[in-house]
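Heads up, the thing below is written out as structure tokens.
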Amino acid sequence: MSLLIFGLVLMAVFKLIQGLIANQALEKHFTLWRSDRYLPHGISVLRGITGLAIVTTVYGLASAQFSFPTSWTALQTFPAPEGFRPESAPA
């Protein structure tokens with residue numbers, strides 16, 4: 001139980017730090033944008049398509065791995081072959 005509480009507190013601390021850094025970066029970008037309206041804003045089409053392609057690929061491979069675990073041998077050995085896995089971790 002204490003490991004769970006430690007994990008939740010650690011996650012909350014990291015999320016707080018992440019939020020503070022992101023807020024400062026967003027405020028800086030907004031200030032620059034207010035002074036020069038020709039700066040790019042929003043998400044570019046290229047970044048949106050790239051993100052969608054990555055998410056689709058990862059979700060597709062993950063669903064294939066868990067739906068058909070023995071069909072693709074490349075996914076069975078991903079990310080490392082059996083010889084590289086530690087002996088202490090059960091497969």
Exercise for the section: Please work out which one of (1) within 18 Å of the chain's Cα centre (by Cα); (2) assigned to a helix (DSSP H, G or I) is the condition Leu46 fails and give its number. Expected result: (1)
Fill in the blank from the handout: Of (1) within 30 Å of Ala74 (Cβ to Cβ); (2) open to solvent by less than 90 Å² (accessible area, probe 1.4 Å); (3) of a type in the set (A, V, I, L, M, F, W, C), Ile54 satisfies every one except (2)
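Quick check on this structure: which one of Lys28, Lys15 is at pLDDT 85 or above, more than 22 Å from the chain's Cα centre (by Cα), surrounded by 10 or more Cβ atoms within 10 Å (Cβ to Cβ) and part of a helix (DSSP H, G or I)?
Numbers: Lys15 fails: more than 22 Å from the chain's Cα centre (by Cα).
The match here is Lys28.
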Practice task
Evaluate region 52-64: report whether one residue or more is under 19 Å from the mean Cα position of the chain (by Cα), touching a residue at least 12 places away in the same chain (Cβ under 8 Å) and assigned to a helix (DSSP H, G or I).
Solution key: yes
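Please determine whether any residue of region 8-18 is closer than 30 Å to Ala74 by Cβ, β-branched (Val, Ile, Thr) and free of Cβ contacts under 8 Å to residues at least 24 places away in the same chain.
Of region 8-18, the ones closer than 30 Å to Ala74 by Cβ are none.
Within region 8-18, not a single residue is closer than 30 Å to Ala74 by Cβ, β-branched (Val, Ile, Thr) and free of Cβ contacts under 8 Å to residues at least 24 places away in the same chain.
Could you list, in sequence order, all residues of region 58-91 that are exposed (fewer than 10 other Cβ atoms within 10 Å of the Cβ) and modelled with pLDDT under 70?
Let us first name the residues in region 58-91 that are exposed (fewer than 10 other Cβ atoms within 10 Å of the Cβ), namely 66-67, 70, 73-74, 79-84, 86-91.
Listed by number, the residues that qualify are Pro79, Ala80, Pro81, Glu82, Gly83, Phe84, Pro86, Glu87, Ser88, Ala89, Pro90, Ala91.
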Problem - Cross-chain or 6+ apart pairs with Cβ under 6 Å, region 38-49 first and within 22 Å of Glu27 (Cα to Cα), then open to solvent by 100 Å² or more (accessible area, probe 1.4 Å) and modelled with pLDDT of 75 or more - result: none
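The values are calculated or read from the model by the stated rules, or taken from the named source; none is laboratory data. Owing to the predicted nature of the structure, the values given are computational and were not obtained by experimental measurement. Please note: Cβ atoms are built from the backbone with ideal geometry, for glycine as well, and neighbour counts cover all protein chains shown. To get the accessible areas, we keep the full protein, side chains included, count just its heavy atoms, and leave off ligands, DNA and RNA. Shrake-Rupley method; radii C 1.70, N 1.55, O 1.52, S 1.80 Å.
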